[in-house]
Structure formats: C-alpha cells, structure tokens
Amino acid sequence: MLRFRNPGTQFETQLLAFRQVYSALGEQAIFGLEDIAKALATNGLMTAYGYAGNDALQLSKTEQESKNSTLMNAKMYAEVFRMLGWVTPATANSSYPLAFTYIGAHIALSDDDCSKLYEQCVLGINNPTEFSGKMHYEEKTRFFTSALKSLVSLDGVMYKHELCLGPMSVDDQDKAKYQTMLKRIRNLRGNYERLKVAFEKLANNLGMKTTPVDNCTRLPIALMKHCNWIQKVTNSTLYNKSMVCLQITEHGKEIVKQTSQMKDLRLDEFQKYDKKKQCALIRLGIYSMLERAGYDISEVSTVIAQDKKLCADVLKGQEILFSPYQTIRRFLIEEALGIHFGTAQVSEANNNDTNTKTQTQHSNQIHIFSPANYSSTQKGASDREETELRNEILKLHKNGYSSKAIVKHLMEKYEDATQKEFYPLIATIFRILGFSCSYSRPGDNGARWDAIIDHSESSIPIEIKSPTEERHISIKAIRQALENKIILLSRRTHITQPSTSSLAVGYFLPNERAEVDSLIDAIHKTYGYNIGVFGFSTLLDLAVTCVTQDKTLKFAALSAVRGVINENI
Amino acid sequence: MKIFKSRNTANSFFLLKDEPQAIIFDKSSKPLWLLKDGSKHNTTCLHCTEKYCLQFSPLEIQPPLKNFPTLPIKEVCPSGALKWDDKRQCPTVDSQKCIQCGFCVKRCPAKAIYFQNGIHVSMETNNINVYQNSGRENDSELHDKQMAYLKSLPFQALNISEYSSVIREIYGKLIHADSSVRELFVRNLLIILGIPTSLRRTGDVYTRMDAIYKIGSKVGPLEIEFGQDTLSASRRILDDIAILHTRYKLDKMIQLPLVVCLTLPNARQGYWQVIRDIKKVEKISISTITVGVLLIFLWHAEKLNINIDDYYIDYDNMSMRAVAESQLKIKIPIAEGFLGLLEPQK
Ligand code: SF4
Ligand code: SF4
C-alpha cells in the first residue's frame, strides 16, 4: 500500500513557505534542511522554541531537542515540496541536498495562488520514480487519477478505508487487477464488519497497526479536498451505518474525464525511449502542465509542435500526462529545457557562527526533597481518610516495601481514579504532609480551584487533574492554576499573597515539558505569579517520607515553588 | 530561463460606459445602477482585476505584528463557496457551502453580488452600460478609477428589519461549520470591518492564540469561542497575553485582549465573574463581542469606527446593547436576549 506521510501544515502555508525559501536562498541554491529552517525562521514562518526570527536558530542551537524539532519542521516542508516536484535532489544518488525545479520557479514567481499548478502537481504524483528506491511499497500507480476513477466507478462515494484497500494498493494500469479491486470493494459494501475485517487484515499484512494505516489516508484526502475533487459527506447506505465518506465533486468528475483522454506516461515506458524522444517528452510534459494550469506558453508553440511530431507514435494524438520532476532526476530535464538550477556553491549549513550561550530554565524550583525541608514536628489529629492512607503506607513499609515500591503500588492503585476519588485523595496527601487542605466538590462550577491549602497568610489554591481526565498534566491545567490565583486574590475567600504559589497536580508530569516550562516562565514574567506543578508520584514520595519518618513538610518548601517539580529518582 | 505568465490574470476586465449616480436595491430584483440620465441598469460583474469578492490584497492580510506566525489565507469567502468560474469568467456561489455571511456582497464594488433568498452573482455579457477593455493604454487606470468610485457609493444590501432572521440563519450554519471555517469567518469579518487580523498558523506550539488584531497602534490577542466553554477562552487569553508580553515584547498593559463569541455566556456562567476578577487584580480589561454585533456593523455601517475598548463587559454589566447602539446611531431591532447577541439569553 502507498504510504503518504502527513504534511502537518496547511496548503496556504506551504506556498508561502516555499516562496520564502526560494527568495531567501536564491533560485540557484543547493540546500539542506538547515538552510530551509534558517530561511523560514528569518521570515517568521517558523518558530523554534517559540521565538520567531533569528533568535529561533540561536536558541535551537543551544538545545538539541528543539533544534531537532526545528529541523523536523523543515523536513516536513521539504518532503511536501519534493512530493510536489518543486524541489528535487541536487545530486544523482542521495536525497539531500536539494535544488529548485522549473515548476518550483513558476510556483515561486507567480503572483496568484497557483491553485491550478498545484492541482497539476498533485496529478503528477506517481510511482515508481527514479527516487523510489527506498520506498516500502511497490504499487505502480498514478494514485490520484486512480482514486478519482475508482470513486466514479463506485457510485461517486467511498469510505476512507476503501482508499487503502483499493487505489492505494493496486497497480492502476493493470486492468485485470484494477477491476478485481473494484469488485472486491463492491463485495465489501453492505456490511461494516466485512470492511473492518478486511482493513485489519490489510494492516496486519503490512505489519502495521490500524491507526497508522488510517493515518496514511489523511494526506491524500486533504489534497483531494484542497483541489476541490472531493467533499466530505455523511453516508449511511454504503455500510448501513452513518459514516463520513468522500464524495466526488463535479470538478473531480471533470478531471477524470480529462485525464482519461490523456496519454499517461510512466517511468518504465519513458525509460524505453531514446534520449532524443525522452527530451521531447520531458518538454511536452512540463509545458502541458503549465498550459493546463493556465500559463500562456504560446512562445514555445513551435518547439511543442516539433516535439509532438517526434512523439506522435507515443502520444497517438493525445495530450500528455507526465510530470518529469516527479518521476525522474533533474539532469536530463534541465538538459531538455536548456536550463540550469543548483549552480551555486553547496551551502555550508553549519557555517553561521553560533552563540553557544546556554539557556537555563529560570525557575526557583526548590529542592523539595532536601532534608532541610522536613520538620520533625508531629502533626495534629488525623481524620479518617488520612489515617487510612497512613496505615496503608505503614503496612507496606512494614512488609518490607521500599519507598519506591510503595509509590509504585499506590500509583497503580489509583491509575483509573476519577475526579470524585482523586480530588479528596490529593487533599488527604497534602494533609499528611502537614497542611490544612480541603477539596471542592468536583463539578462545583469550573471557575474555582479543586482544593486549597488554607494558611493564615499564604493560602495555596490547587488545580487537580485526575488520571481519567488527563494522564499528563497539560497547558490547560497551568492556565487554570493561573486563573485560580487571580480569583483567590480578587475574591479573598482565603488570605494569600501575590508571591504565594498556585499549584497544579496531575497523575503524570507534562508530556509537552518544554511548552509547560515556557508557559510557567511567561506567567511569572508577565504577572509575577509562581505556578508549581506536581506529578502524583512526587506527592506520594513526599507522603511516604513523612509517614515513615514521622515528619511533616515545611510550609516554606511549598509556598514559593515554581516550575515542574521533578520526580525524586 | 523563461518564466511563463498566467493567462487568466488581468486584461479581461470590463469598463463602465457611464458611472452610476447611485445603487438601488429593491428586494424583488437585482441591484440596479442608476445613471445620470435616469436610466436604470442591472449591475453586473466587471471582472475587476483585484477580484475583491474573492481575495484580500497582500496588504490587507499582512500580520499586525512582526514575526507573528500567520496563516496567509487570501480568500474572502470563509466557507469556500465562492469560486472563480473560468468558463463564465465570473465568480460563482456554491449554495450548498454558502453560509450567507455577505462578505462577498460587501466586497464587490460593482454590487454585482447580492442577497435574494441566498447569494447571487449578476453576470450579463450584454449589459449595455459596460464594454470590454481592448488593451488601450489607459484602460487599466480608468478601471481602477471606476472601481474606486463604485466603492464609494453607499449600498445597503439588507433591510434592518431582516437582521434577526439572517443572523439566525447564519448562526445555524456556523454552529455546524468546521473550526477552520469559523476562524476564517471571524478573521475575514474583522478585516472587512477595517481591523487588520491574522490567524495563527497551526503547528507553532509556542504561540497559542487563535489570532491577533490591531486597532490604531494597539495590538491584542483574540480568542474565538463558538461553543459554551467561555471560561476556557478567558484562560487562553491570559496565556496569550503572557506570550505576547514575553515573546513579542508587547507590554501586557497596552494589549487589547478580545474574545469573539457566537452567543454571550449565560449570566450564571463563571466567565463574567472571572473577567471582573482579572480586571480587578490585573487591571486588564478583556473585551467580549459577539459575531452578531460585528455582522450588524458589517451590514449597517458604511465606514466603521468600532471601538473595541468600549466592549468591555463583565458581571456588573453584561450588555453591549447601549454601546453598540450609540456607535451605530440606531436602535437595534433585536429582542432582548435574542441568541445572546447583545445580552445573555438568560
Ligand atoms: S463580482 Fe465584483 S468583486 Fe467580484 S470580480 Fe466581479 S466585479 Fe470584481
Ligand atoms: S455569502 Fe459568504 S459564504 Fe456565501 S459565497 Fe459570499 S462570502 Fe462565501
């Protein structure tokens, strides 16, 4: 099955990004991902670590992680550009560096939205190509014409998984195979279970899970929608259940009609011809793409006429459907057109002097686990919940469980806790740590903290996310912790200071660690508030220490904490 | 290296024989150009070179803030309903997709697009008040001049009495629209009202606001909330302000934070109090405005002097009726609480 990778960006952005890269690097550039990244960042199109412009790369340099994400971003663009034939490998045998193409130059230098040329480029996608050595699939197809044709044959509507089972997995020029494919899909219809089984079998044969197979349909669907070939509709007749399906549009049907009357030239056939004919076919391919896209190519009409004559036996009077840049390497194309790209020096991607200042996270995270933060003052009377949890910890401790093992046990025990269970539990743990903490009833109006540590001067609101709400603390919880802080300062239901922390507690620490860190930092710089973040295991670890060593945590250890409190590992 | 030019650009526009004195709109027919000699002619698409109905100029979609990761969409029609028809050489409306926002109506200087049980484009190749340009030297200049003149003519495509019913219809469609359509809808609405606005490009996880906009020299973050989760909007705005403050060096006190919603949250919802809390503690006023009010501005006002600052409403005053009416200088014929447009529904 063909594998399409998700481009991750909107089409409008692709166009803008491409034009920026083109103008920044110049049409003759030979370039790599880092050059693309730099060109995009300088123009504010890409932000690395959240900083736009040149800062982006400087910062990225200091942090491998975000540098990688910047390059990943650039790679995403590069792959889309290459798929569409706007850039192409500069050399004969490797994928990078890249050079611009003649089609790319038209995209970059036209002043309209190029939607028609874009459409031609989508039609140009075909397999195999001179670059497809490393692909995981072998289907010989011009996928988009094949998909549209299938849509027409299948009453104008298809479900996305039928794309995988059908046009993405068939050689479209093999008439027998193609008809079998259509028949197979028709036979699946009417029973959703049949489709499901077939889809699972396909995934299985590919050695993939079903989700990534499903994901492979995202790009082709997005492209077809963008070209206005299909639209999404709700259909309940195909499989006797309501499903979002793809319906071919009038324009899509028109494309089927047009392309079915064209000479669809593929790599294997192309390679059979002699060089003179190949060059003529290249010119015909490129000029016809431009012509269909609405460019005025009358200037080259004599050349076209001559080439058509030379290739009469190939074309048999038909118009050619062949996108050279999306099929073969650039050298012969440039020779055929008499143009040259990539004549510039290979750029020294790493040449810009880097400023290796290290960026540190400015958090005043206290080493909360340091012994100085505990006091041996015993706490006052315990309530029932507290006693129960204490006893549980003590029992495990007695049975020879290490602190780590106790934490692990309790983590697992509350893995599926709901708000109703988790909020009181967190409040209980804070009481075990020695604070006066009470929780609010879940659902008690969104605009308030889930628990609060009451203190004579510096009360601390707590935002809690139970593992069933979100397993990892997210940006959302941080925003809520900020809101809690403001509400508490405004409504004064408990006494507090602006500098006193507001906490967010969740099951696991944030997944998007860098985003959360940077938000906490931005909140501090903008509003002056401290947001502290705890994972469940951190709190449990503190509780185990307090219970087993008969201690409590000093209030100061908590009241000004800022940032994500790392687990004590 | 020869770079070819697109065939479809320029050169095929039409020119007016006589510039109309006024535009007449009566519900039963197409809009009419009223000429000096008293004759009336149907308006028709002039294939204007700028294609105002279809696209914004690069200047109009320039981000109000340098380095902001902008989504550079040029399309005026938020739902993709309006497309250029190559064969007929004029825009066409896909009535299935059209949400009847009237953006294209407002944008067409010739008034060739109009409301009449849906949106229609008037295209008359034999209109006796127009002729095709023939490439004469100053045709282009004349065309630009005529378009600028047409733009200046007052035109009211909707009667004020129709506002409620049209808004109800648009709301019905917006509720079911994709979030990308909604966001584009709000952006385009603001741009057409003369407020430069940029949507954020997705994929940049460090700049999270839905959009930014600019009034005068002031820039503000904008959150679009078409559902019930207005509390999340006020939270997101605080996050946005912090991002603009730290990353874009825009002091929090000079920002103009704005929440654009479909309907105002009900009086009992936490939003109103939180907005007041934020003002009290942070001295930051987050304005709230509904799509409906913006649409009324779009249809009613020729030139707009909307002042977003004035749309600060909170728990102590949840109505924007008074301020909208004073800016529009009309009594808005919309019942109290209707769709939560001017004050909460309940
Ligand atoms: S409908 Fe109006 S704005 Fe659109 S192309 Fe025609 S004249 Fe221009
Ligand atoms: S009324 Fe709005 S949705 Fe309909 S075609 Fe015009 S711009 Fe598009």
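Computed from the coordinates by the stated procedures, all read-outs in this text should not be read as laboratory data. Bear in mind that the values here come from a model prediction, so they are computed numbers and not experimental data. Backbone-built Cβ (ideal geometry, glycine too); neighbour counts: all protein chains shown.
Report the FRET efficiency, 1/(1 + (r/R0)^6), for residue A:111 and residue A:5, where r is their Cβ-Cβ distance and R0 is 35 Å, rounded to 0.05.
Rounded to the nearest 0.05, the efficiency is 0.70.
Sorted by average packing, counted as other Cβ atoms within 10 angstrom per residue and highest first, what order do B:35-42, B:293-300, A:501-508 take?
With the highest mean Cβ count within 10 Å placed first, the list reads A:501-508, B:293-300, B:35-42.
Could you work out, residue by residue across B:80-93, how many beta carbons of other chains sit within 10 Å of that residue's beta carbon, and then give the average as an integer?
Across B:80-93, the average partner-chain Cβ count within 10 Å equals 1.
PRE reach from residue B:173 (point 7 Å along Cα→Cβ): which of region A:209-253 fall under 12 Å by backbone N?
No residue passes the distance filter.
Return the lysines within reach of residue B:214: Cα separation strictly under 19 angstrom, same-chain partners fewer than 8 residues apart disregarded; answer none if there are no such residues.
B:66, B:74, B:249, B:252, B:303
Put a dot 7 Å past each Cα toward the Cβ at residue A:495 and residue B:5; how far apart are the dots in nm?
Taking the two extended label points, one gets 7.9 nm.
How many partner chain Cβ atoms sit within 10 Å of a residue's Cβ in peptide B:231-238, on average, as a whole number?
Taking the mean over all residues of the peptide, I get 4.
What is the calculated FRET efficiency for residue A:305 to residue B:131, with r their C-beta to C-beta distance and R₀ = 35 Å, to the nearest 0.05?
FRET efficiency, residue A:305 to residue B:131: 0.50.
At 0.36 nm per residue, and after removing the present C-alpha to C-alpha distance, how many nm does the segment from residue A:556 to residue A:416 gain when stretched out fully?
Value of the extension gain: 47.2 nm.
Ordered by packing density, taken as the mean number of other Cβ atoms within 10 Å over each peptide's residues, highest first, how do A:307-319, A:112-124 rank?
The packing order, highest mean first, is A:112-124, A:307-319.
So the label point goes 7 Å from the Cα of residue A:241 along Cα→C-beta, right? Which residues of region A:202-232 then have their backbone N under 17 Å from it?
Label zone hits: A:210-211, A:214.
With a point put 7 Å past each Cα toward its Cβ, work out how far residue A:233 is from residue B:300 in nm, to one decimal.
Using points 7 Å along Cα→Cβ, the separation is 4.1 nm.
Obtain the nm distance between the two label points defined at residue B:29 and residue B:307 by a simple spin-label model: each point lies 7 Å from its Cα along the Cα-to-C-beta direction.
Here the answer is 4.2 nm between the modelled labels.
Relative to the longest principal Cα axis of chain A, at what angle does helix A:143-153 sit, 0 to 90 degrees, rounded to 10?
On a 0 to 90 degree scale, this one is about 80.
Between the DSSP loop rule and a limit of at most 12 other Cβ atoms within 10 Å, which GluC sites (Glu not before Pro) in region A:421-487 are left?
Taking region A:421-487 and a limit of 12 other Cβ atoms within 10 Å, the loop GluC sites (Glu not before Pro) found are A:457.
Which of the residue pairs B:51/B:111; A:149/A:275; A:149/A:232 have a Cα-Cα distance greater than 21 Å in the structure shown?
Flagged as over cut-off: A:149/A:275.
I need the trypsin sites (Lys or Arg not before Pro) found in region A:143-211, filtered to DSSP loop residues with at most 13 other beta carbons within 10 Å of theirs.
A:209
Cut-off 12 Å, label point 7 angstrom out along Cα-to-Cβ of residue A:186: give me the residues of region A:147-176 whose amide nitrogen falls inside.
Once the point is set 7 Å along Cα→Cβ of residue A:186, A:153-155 turn out to lie under 12 Å by backbone N, inside region A:147-176.
Over the protein assembly as shown, what number does the Rg to Rh ratio reach, with both radii from the alpha-carbon atoms and Rh per Kirkwood?
1.01
If you stretched the chain out fully between residue B:160 and residue B:267, how much longer would it get, using 0.36 nm times the residue separation minus the C-alpha to C-alpha distance?
Stretched out fully, the residue B:160 to residue B:267 stretch lengthens by 35.8 nm.
At most 13 other C-beta atoms within 10 Å and a DSSP loop state: those are the exposed GluC sites (Glu not before Pro) I care about. Give me the longest piece of chain B that has none.
With a cap of 13 other Cβ atoms within 10 Å, the longest stretch comes to B:138-301.
Using R₀ = 30 Å, calculate the FRET efficiency as 1/(1 + (r/R₀)^6) where r is the Cβ-Cβ separation of residue A:193 and residue A:132; round to 0.05.
0.25
Check cross-link reach from residue A:75 to the lysines: straight Cα distance under 21 Å, and skip same-chain residues fewer than eight apart.
A:38, A:61, A:67, A:134
Given the pairs B:2/B:87; A:183/A:257; A:175/B:87; A:485/B:283; A:257/B:83; A:525/B:218, which span a C-alpha to C-alpha distance of over 24 angstrom in this model?
B:2/B:87; A:175/B:87
What is the helix-to-structure angle for B:230-247, meaning the angle in degrees between its Cα long axis and the longest Cα principal axis of chain B, kept from 0 to 90 and rounded to the nearest 10?
Computed tilt is about 80 degrees.
Based on Cα coordinates alone, diagonalise the gyration tensor for chain B, multiply each eigenvalue by 5, take square roots, and list the semi-axes in whole Å, largest first.
Taking √(5λ) for each eigenvalue gives 38, 24, 17 Å, largest first.
Compute the angle between helix A:513-527 and the longest alpha-carbon principal axis of chain A, please, reported from 0 to 90 degrees and rounded to the nearest 10.
60 degrees
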